[in-house]
Amino acid sequence: MDHQNVPINPPSCSLLGAVGDTYTNPQNHICSFCRPCRYPSSHGELCGEIINCNTVATHFGEWHGIVDLPRNVRIICQWCGCLKQISRHNFVRHVREKHLCHQRS
Ligand SMILES: [Zn+2]
Ligand SMILES: [Zn+2]
Ligand SMILES: [Zn+2]
């Protein structure tokens, strides 16, 4: 019998452990603030790469195929639990502001 209780990696939407000062005080955000990417990878697991405001565009282009799409293509943000529809044009900004707590200046 190979049937052990193998955890099947349920998507954890908990912010436990990721909630730092920047989340409770987003105004303290600095653009070198890093956090793990919670976008699903092609294997269905969370990506987990450490990204920040400066690398988000490159990262999503290289790892999640968010690149070379027409500006107005609608993307459903699959960042853990978000599921918001954004146009390609606004996607990077959305990730920065909503998921990296970036404050628009
Ligand atoms: Zn930022
Ligand atoms: Zn990623
Ligand atoms: Zn989102």
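Only the coordinates and a few stated rules stand behind these numbers; no lab work does. Every value quoted in this text rests on a predicted model; they were computed, and no experiment measured them. Here the Cβ is made from the backbone with ideal geometry for all residues, glycine too, and neighbour counts use every protein chain on show.
Going by a ≥ b ≥ c, the root eigenvalues of the Cα gyration tensor, does the range 32-99 fall in the rounded group (a/c under 1.5), the prolate group (a/b larger than b/c) or the oblate group? Provide the component values of the computation, followed by the final result.
Working: a/c = 1.44, a/b = 1.24, b/c = 1.16.
Judged from the Cα gyration tensor, the range 32-99 comes out rounded (a/c under 1.5).
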- Can you list the residues, at least 5 places off or on another chain, whose amide H is less than 5 Å from the amide H of ILE51, using H built in the peptide plane? ARG35, CYS37
- Integer Hz, Karplus 6.51/-1.76/1.60 couplings in order for the range 65-82, x for Gly and Pro: x, 8, 7, 6, 9, x, 3, 9, 4, 7, 10, 8, 5, 9, 4, 1, x, 6
- Starting at the first residue of the range 56-61, write each ³J(HN,Hα) from the Karplus equation 6.51 cos²θ - 1.76 cosθ + 1.60 with θ = phi - 60°, in whole Hz, x for Gly and Pro. 5, 5, 4, 4, 5, x
- Message: 5 Å is the cut-off here: which amide hydrogens, built 1.01 Å from N in the peptide plane, fall below it relative to SER87, excluding neighbours closer than 5 in sequence?
- Response: ILE75
- Message: Just to confirm a number: summing +1 for Lys and Arg and -1 for Asp and Glu over residues other than ALA57 whose beta-carbon lies under 11 angstrom from that of ALA57, what do you get?
- Response: +1
- Note on the structure: With 0.36 nm assigned to each residue of separation and the Cα-Cα distance removed, LEU83 to GLU97 gains 3.6 nm
- Message: Net charge within 14 Å of ARG88 by Cβ-Cβ distance, Lys/Arg positive one each and Asp/Glu negative one each, not counting ARG88 itself?
- Response: +3
- Note on the structure: Under the Karplus relation with 6.51, -1.76 and 1.60 and θ = phi - 60°, whole-Hz ³J(HN,Hα) for the range 37-43, x at Gly and Pro, equal 5, 10, 8, x, 7, 5, 8
- Amide H contacts under 5 Å for LEU46, restricted to residues at least 5 apart in sequence or on another chain and with H modeled in the peptide plane, are SER41
- Task: Quote the charge dipole size of the range 32-99 about the Cα centre in Debye, to the nearest 20; the model charges only the Cβ of Lys and Arg (+1) and of Asp and Glu (-1).
- Result: 340
